[in-house]
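Peer 1: One structure, pasted below without further comment.
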Amino acid sequence: MVTQDLLNAAKLRVRKTSSNVLDEDIKQLAAVALRDLERIGVADIYLSACTDPLIREAVLTFVNANYGANPDREKLMQSYDMLLTKIKGGGYRV
């Protein structure tokens with residue numbers, strides 16, 4: 001679940017300060033990232049509040065890479081994949 005705190009952090013990451021209909025796009029991207037983390041086996045306890053710095057950074061990196069037409073998308077997705085690798089070996093399963 002995408003919390004308001006996570007949504008605010010994601011908006012800040014993509015440098016979006018106003019609130020409008022595009023917030024739903026950012027929220028959807030964060031939800032996709034959380035689902036992807038769930039797919040690789042991250043336990044719900046880490047995903048529900050999304051306060052762990054590594055998990056949070058993965059979500060924010062995914063949002064930044066996929067929001068709008070980011071010219072650094074490829075590099076950001078490589079960073080996201082590296083974060084997933086670290087998370088897989090980091091004891092985030094229950």
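Peer 1: Residue pairs, Cβ under 9 Å, 6 or more apart or interchain, first in region 1-12 and over 19 Å from Ala65 (Cα atoms), second among the aliphatic types (A, V, I, L, M). List them.
Peer 2: Listed pairs, sorted by first residue: Met1/Ala31; Met1/Leu34; Met1/Leu47; Thr3/Ala49; Asp5/Ala49.
Each row is one residue, and each column tells you yes or no for (1) loosely packed, with under 11 Cβ neighbours inside 10 Å; (2) in a helix (DSSP H, G or I).
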site: Leu12; (1), (2): no, yes
site: Thr17; (1), (2): yes, no
site: Gln28; (1), (2): no, yes
site: Arg35; (1), (2): yes, yes
site: Val42; (1), (2): no, no
site: Leu47; (1), (2): no, yes
site: Ala58; (1), (2): no, yes
site: Ser79; (1), (2): no, yes
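Peer 1: Residue under question is Leu83, and the condition is that it be at pLDDT 95 or above, buried (at least 17 other Cβ atoms within 10 Å of the Cβ) and within 12 Å of the chain's Cα centre (by Cα); does it hold?
Peer 2: Taking the combined requirement at face value, the residue satisfies it.
Peer 1: Name the residue that is nearest to Leu12 (Cα to Cα), counting only residues in region 22-43 that are of a type in the set (Asp, Glu) and touching a residue at least 12 places away in the same chain (Cβ under 8 Å). I'd like the intermediate steps shown before the answer.
Peer 2: Going through region 22-43, the residues of a type in the set (Asp, Glu) turn out to be 23-25, 36, 38.
Next, only the ones that are touching a residue at least 12 places away in the same chain (Cβ under 8 Å) stay: 23, 25, 36.
Values: Asp23: 11, Asp25: 14, Asp36: 22 Å.
For region 22-43, the residue satisfying everything is Asp23.
The values are calculated or read from the model by the stated rules, or taken from the named source; none is laboratory data. If you're wondering where the values come from, they're calculated on a predicted model, not measured in any experiment. Reconstructed Cβ throughout: ideal geometry from the backbone, glycine too, with neighbour counts over all protein chains shown.
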